Amino acid sequence: ILPDARDLHLQTIKGKKERELHQFLMQFPDSVYSIESMLGTSPMWDKSLPLKQYLFYRIQQQNSSYPLCFAKVGVTFESYAKQIALRYPFQYVKRYIVPSFCSVFLYQYQDITDWNNPFQSEKFTEDYFEITPVTHEHPATIFPFVNSLRHVFHSVYWIAGVLCTLFFAFNIKKYSKEREKFFLLLTLIGFIVIYIGGSVVASPNTTWRYSMPFYAPSLAFMLVILRDALQYITKSLTTSTKTI
């Protein structure tokens, strides 16, 4: 949305810090605010990109610590983002909500790469938590194989999820007669739908850790449906065999 916000009059933005943030963000070219970049949240984590740059600017401006300023800047980001989204609702849905929704089902996770260089803890982390410098080294090269498995399991997971949902929909009258199981499955489906909706807004598709709470209830739903489907198939085969 930010490229469209260049024509926005500064005084229409509420809040002094929000106006300051707007001016700061408009200094960067439109190419920085691509859909892929924003869905990946890289502008917040890449030191050369706008949101991280603004964080460093506020740290210098207020002579504040990184963790404290990180929290304060987050409040400004939220307030500013709400104003921009409400002012450009169509663009917000088209350029953010729809791509974010699609990315839930497509494999959008960044592949894990082998990091052969030592990882050194940053000074502000050491000072804030009062820890001694730490260095981690990872000499192994296993991630190319792991990444291939992630691609396969991601596809299998969603195909199984769609098939199980269709099976439940076609047999919903049958399930409604079993109250406890019916309400259990409805609860799991409700959680899944709500979590996907929240994920679409938050764009958590950059790493596994954001999706972890989603897997347990969705797998529980699929296991119940798969068990019922196997029982149905077994019963049908048994009946066919007896008939023959």
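Taking into account only those residues within region 157-188 that are closer than 17 Å to ARG227 by Cα and β-branched (Val, Ile, Thr), which is farthest from the chain's Cα centre (by Cα)? Residue satisfying both the conditions and the ranking: ILE172. Of the residues making up region 72-91, those that are of a type in the set (A, V, I, L, M, F, W, C) and within 16 Å of VAL201 (Cβ to Cβ) are PHE77, ALA81, ILE84, ALA85, LEU86. Of the listed requirements (1) open to solvent by 50 Å² or more (accessible area, probe 1.4 Å); (2) part of a helix (DSSP H, G or I), LYS47 misses just one: (2).
Just so you know, in region 212-221 the residues that are crowded, with 16+ Cβ neighbours inside 10 Å and either under 16 Å from the mean Cα position of the chain (by Cα) or hydroxyl-bearing (Ser, Thr, Tyr) (or both) include one that is modelled with the highest pLDDT, and it is SER218. Taking region 178-200 as the region of interest, how many residues are in a helix (DSSP H, G or I) and over 16 Å from MET222 (Cβ atoms)? Qualifying residue count for the region: 9. Per the listing LYS47, LYS16, the residue uniquely at pLDDT below 90 and basic (Lys, Arg) is LYS47.
Number of residues in region 65-79 that are touching a residue at least 40 places away in the same chain (Cβ under 8 Å) and within 13 Å of LEU21 (Cα to Cα) equals 3. Within region 55-95, being closer than 24 Å to PRO3 by Cβ, among the aromatic types (Phe, Trp, Tyr) and loosely packed, with under 15 Cβ neighbours inside 10 Å holds for PHE56, PHE90. Among the residues of region 140-199, how many are among the small types (Gly, Ala, Ser) and in contact (Cβ under 8 Å) with a residue 60 or more places away in the chain? Qualifying residue count for the region: 3. Taking every residue in region 225-240 that is assigned to a helix (DSSP H, G or I) and pairing it with any residue that is open to solvent by less than 90 Å² (accessible area, probe 1.4 Å) and of a type in the set (Lys, Arg), at least 6 positions away or on another chain, the pairs with Cβ-Cβ distances below 9 Å are ASP228/LYS181. Residues of region 1-43 that are in a helix (DSSP H, G or I), among the aliphatic types (A, V, I, L, M) and open to solvent by 40 Å² or more (accessible area, probe 1.4 Å): LEU10, ILE35, MET38. Where helices (runs of 4 or more DSSP H) sit wholly within region 106-177, those with at least 3 residues that are modelled with pLDDT of 90 or more and closer than 18 Å to ILE196 by Cβ occupy 143-170.
The values are calculated or read from the model by the stated rules, or taken from the named source; none is laboratory data. Just so you know, these numbers come straight off a predicted model, no measurement behind them. Heads up, the Cβs are rebuilt from the backbone with ideal geometry, glycines too, and the neighbour counts pull from every protein chain shown. For accessibility, only protein heavy atoms count, side chains too; no ligands or nucleic acids. Shrake-Rupley method; radii C 1.70, N 1.55, O 1.52, S 1.80 Å.
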